[in-house]
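Q: This structure is in structure tokens; I'll ask about it shortly.
Readers should treat all values here as calculations from the given coordinates under stated rules, not as data from a laboratory. Keep in mind that what you see is a predicted model, and the values were worked out from it rather than measured. In this analysis, Cβ positions are derived from the backbone assuming ideal geometry, glycine residues included, and neighbour counts consider all displayed protein chains.
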Amino acid sequence: MMRFLNQIRVEWLVVAFCAWHAADLLHAWGHSPYDRLGWLALLLWSLPAGRSVWHGSKPAAGFKLAMASLALALIGVLGDLNFLVYWGLAGAIGSVAGVTGRAWLWLALAVCWMPVFGWFGSQLHLPARPVNSLRLLVALAAAAAGWRWLGSAPPKTSA
Amino acid sequence: MNNSAKKILWVALGIALLLSLVWQFVPLRDASARLDAIPLSGLGFQGKDLPLAEVEKAIYSPARVLKRVYQVGRQQVIVVAIDGSRNRHAIHDPTFCFRGAGWIIGAARDLPVPGGYARVLSLTKDGRHIEAVYWLSDGQTRHASALDYWWQTTWRRLTLGHSGAEPILFVLQPVNRESLDWELLLEQFPALLES
């Protein structure tokens, strides 16, 4: 049994757990004018993570980040506070993508696809359209940062 | 990730799965009784239930929503009251909803009510100007803060309802007029401030 479990990358199951509970994002993207382009922001933001996984990332912060993401998502689920679940999902994706060093900036910019981005925009008295444009700009910046830094940590060498 | 770290993550994931499944079946007392206690008619006011539009049903479901038009003295008002016990995400910050619907929020002022305050918003859209009033009430205290609402409801769910009653969101809008005498309206219809 343990041999079978060891063959599965459990961080991916953490991603699945968080993604399952983050399904409300679909509702927000479909109904809230401020969040309409959140799906595109998530897609752009995720691109470097996909590339890193494709190249076989060796996540330095994998375990700690996966645990923290799981904890955030669980508190979010129990407390019905979606933004914690979304941060859990971002962290879980980061844990499989190999976040290190400057790539934490990419992770922090995950806010670009979250509904809280639209809420902050509305609190600044901005209409929905410029908030969505700004959302995409931040997503592009995040994608660029992730492309540059994600999974780019030099391999550890033994002396 | 080494094997012991993997084992820990497996156990944590198992616990998270179990807790998230069990939590759904723990009953959380809702605010139905307080919603039902809002009278349809009484001395000085007469109301009529309004059907929800399809888009409203999609947004609110499965939360309980009361939508009525009331004649209160010489004033007509639409009252929407939402109990988010069954879907907390049905309740949004009203300023977010109004802006999302294209309204520009001008002035905002607090209106003192028993147990706290409500907020009066001046809204403009396509040259049309109206006022709206909203507050969140747990039956004892009233406020108009989305952050306080999130805190109240999150803490309530984490404590399985032991931290207090579920707040109900009340949103009032005038019918065929820009504004109403809100103080007079709430004075003539005090039941709105009892739920």
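Q: When you go through A:W119, A:W87 one by one, which is the residue that is crowded, with 19+ Cβ neighbours inside 10 Å, under 13 Å from the mean Cα position of the chain (by Cα) and outside any loop (DSSP other than H, G, I, E, B)?
A: Answer to the selection: A:W87.
Q: Looking only at region B:128-140, how many residues end up being without any contact (Cβ under 8 Å) to a residue 40 or more places away in the chain and more than 16 Å from B:D83 (Cβ to Cβ)?
A: Selection size over region B:128-140: 1.
Q: Another one. State whether one or more residues within region A:90-98 are crowded, with 19+ Cβ neighbours inside 10 Å, not aliphatic (A, V, I, L, M) and not in a helix (DSSP H, G or I).
A: Within region A:90-98, one or more residues are crowded, with 19+ Cβ neighbours inside 10 Å, not aliphatic (A, V, I, L, M) and not in a helix (DSSP H, G or I).
Q: Now, a different point. I'd like the full set of residues that are out of contact with any Gly (no Cβ under 9 Å at 6 or more places or on another chain) and over 28 Å from B:T159 (Cβ atoms), limited to region A:57-93.
A: Scanning region A:57-93 gives A:F63, A:K64, A:I93.
Q: Residues that are among the β-branched types (V, I, T) and within 14 Å of chain A (Cβ to nearest Cβ): list the helices (runs of 4 or more DSSP H) wholly contained in region B:1-120 that include at least 2 such residues. Please lay out each step first, then the result.
A: On the way: elements: B:3-25, B:32-36, B:54-60, B:94-100.
The qualifying helices (runs of 4 or more DSSP H) are B:3-25, B:54-60.
Residue by residue, here is whether (1) surrounded by 18 or more Cβ atoms within 10 Å (Cβ to Cβ); (2) among the hydroxyl-bearing types (S, T, Y); (3) out of contact with any Pro (no Cβ under 9 Å at 6 or more places or on another chain) holds:
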{"position": "B:R68", "(1), (2), (3)": "no, no, yes"}
{"position": "B:R86", "(1), (2), (3)": "no, no, no"}
{"position": "B:H89", "(1), (2), (3)": "no, no, yes"}
{"position": "B:T95", "(1), (2), (3)": "yes, yes, yes"}
{"position": "B:R99", "(1), (2), (3)": "yes, no, no"}
{"position": "B:P112", "(1), (2), (3)": "no, no, yes"}
{"position": "B:Y134", "(1), (2), (3)": "yes, yes, no"}
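Q: Could you grab the pairs with beta carbons closer than 6 Å, sequence gap of 6+ or different chains, first residue in region A:83-106 and of a type in the set (F, W, Y), second one part of a helix (DSSP H, G or I) and surrounded by fewer than 24 Cβ atoms within 10 Å (Cβ to Cβ)?
A: Note: pairs meeting the criteria are A:F83/A:V116; A:W87/A:L72; A:W106/A:A145.
Q: Return the residue satisfying two criteria in turn: it lies in region B:121-170 and is hydroxyl-bearing (S, T, Y) and more than 14 Å from chain A (Cβ to nearest Cβ), and of such residues it is farthest from B:I104 (Cα to Cα). Give the steps one after another, and end with the answer.
A: Taking region B:121-170 first, the residues hydroxyl-bearing (S, T, Y) are B:122, B:124, B:134, B:137, B:141, B:145, B:149, B:153-154, B:159, B:163.
Among the residues that remain, those that are also more than 14 Å from chain A (Cβ to nearest Cβ) are: B:134, B:137, B:141.
Numbers: B:Y134: 16, B:S137: 25, B:T141: 28 Å.
Here the answer is B:T141.
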